[in-house]
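S.K.: Please read through the structure below; I'll follow up with questions.
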Amino acid sequence: MPVSPLPRFVVTDAVTRAFAEDQGGRGDVTSLACIPEIQEAKFYFVAREAGVICGLQPAVEAIWQMDPDALVNVQVRDGDSVKAGEVLAAVNGQARALLSAERIALNFLGRMSGIATFTRRYVDAISGTKARIAHTRKTTPGFRAFELQAVQAGGGALHRYGLDDAILIKDNHVAVCGGVAEAVKAARDHAGHMTRVAVEIDRLDQLDAAIGAGAESVLLDNFSLDDLRAAVAAASGKVTLEASGGVNLDTVRDIAQTGVDVISVGALTHSAPNFDIGLDEA
């Protein structure tokens, strides 16, 4: 599916930091030692398995940071499904530069395509239901923008990006505030009319208090299927209901069929396997 590009400065900064980590103070000593400075080369980025591609933007940035004159012919788009053996991009440029950029480009592509592919499996698993698959904040520190773009590429819905996006009252907030209604009321009094208030509950008998206090979204944490169905019936569309906890590919369809609006899945970003992509010489 179409994917919004990330801001250029976000990509540039992340790739620059990746090179600093990878090359240290001496650079790519292997390529410097083995490859003549004037040597040119052509390589192909090739998918070695079927899945959903994401990460082309930072991969291309990695190539251009090493060789600004490299010719990059990208043949797919982020969000496209590909087959094993399909060429993603062809690259012509300085051999030293391309080999120095190889691992950084593949790390971005492999990590992001892995998340996109994993997300697509969840999205496909609930096809035909009203539910949407959403990410959580269980992301790699410093890499959230890339991981959430990958979720989008796989067809997942965007949740809050960070703590400043929306008020989400979790169980510890409830405990400190003295109850669901008290926590939601305090949040509602503090927030402007443009800020959504969501609250997490772990028992069905807390739902009325959450709705009555003014929550717009209620997160149903580790509810049984029966309790999820009961919550859907009791809410009657008054609030957005989100199911979380105990979600995997074996359980997600049953959860979706209870009628909840959103299913949040931390595994999308913390447990997605890497996607296998290679850089092959032409």
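S.K.: Of all residues in region 262-278, which are surrounded by fewer than 22 Cβ atoms within 10 Å (Cβ to Cβ) and outside any strand (DSSP E or B)?
M.R.: Taking region 262-278 first, the residues surrounded by fewer than 22 Cβ atoms within 10 Å (Cβ to Cβ) are 262, 266-267, 270-271, 273-274, 276, 278.
Scanning region 262-278 gives 266, 267, 270, 271, 273, 274, 276.
S.K.: Kindly indicate whether any position in region 5-16 is in contact (Cβ under 8 Å) with a residue 60 or more places away in the chain and among the charged types (D, E, K, R).
M.R.: no
S.K.: Moving on to the next point. Is it the case that residue 24 is open to solvent by less than 70 Å² (accessible area, probe 1.4 Å), at pLDDT below 95 and on the phi > 0 side of the Ramachandran plot? Before you say what the answer is, go through the steps one by one.
M.R.: Numbers: open to solvent by less than 70 Å² (accessible area, probe 1.4 Å): yes; at pLDDT below 95: yes; on the phi > 0 side of the Ramachandran plot: yes.
Taking the combined requirement at face value, the residue satisfies it.
S.K.: Give region 89-103 a look and list any residue that's in a helix (DSSP H, G or I) and either open to solvent by 50 Å² or more (accessible area, probe 1.4 Å) or farther than 17 Å from residue 74 by Cα (or both), or say none. Step through it out loud before you land on a result.
M.R.: Our first condition is that a residue be in a helix (DSSP H, G or I); within region 89-103, this holds for 95-103.
Within region 89-103, 95, 96, 97, 99, 100, 102, 103 meet the criteria.
S.K.: If only one of 32, 56, 98, 88 is over 23 Å from the mean Cα position of the chain (by Cα), of a type outside the set (Lys, Arg), farther than 30 Å from residue 251 by Cα and modelled with pLDDT of 95 or more, which one is it? Give the steps one after another, and end with the answer.
M.R.: Values: 32 fails: modelled with pLDDT of 95 or more; 56 fails: over 23 Å from the mean Cα position of the chain (by Cα); 88 fails: over 23 Å from the mean Cα position of the chain (by Cα).
Criteria check complete, one pass: 98.
S.K.: Now for a different question. Which residue pairs have Cβ atoms under 7 Å apart, sit 6 or more places apart or on different chains, and have a first residue in region 107-134 that is part of a helix (DSSP H, G or I) and a second that is modelled with pLDDT under 95?
M.R.: Close Cβ pairs satisfying both conditions: none exist.
S.K.: Against the condition at positive phi and touching a residue at least 12 places away in the same chain (Cβ under 8 Å), how does residue 155 come out, does it pass? Steps first, please.
M.R.: Numbers: at positive phi: yes; touching a residue at least 12 places away in the same chain (Cβ under 8 Å): yes.
Criteria met by residue 155.
The values are calculated or read from the model by the stated rules, or taken from the named source; none is laboratory data. Note that the coordinates shown come from a computational prediction; the quantities given were computed from them, not determined experimentally. FYI the Cβ positions are ideal-geometry reconstructions off the backbone, even for glycines, and counts take in every protein chain you see. Heads up: the accessible areas ignore ligands, DNA and RNA and are worked out on the full protein's heavy atoms, side chains in. Shrake-Rupley method; radii C 1.70, N 1.55, O 1.52, S 1.80 Å.
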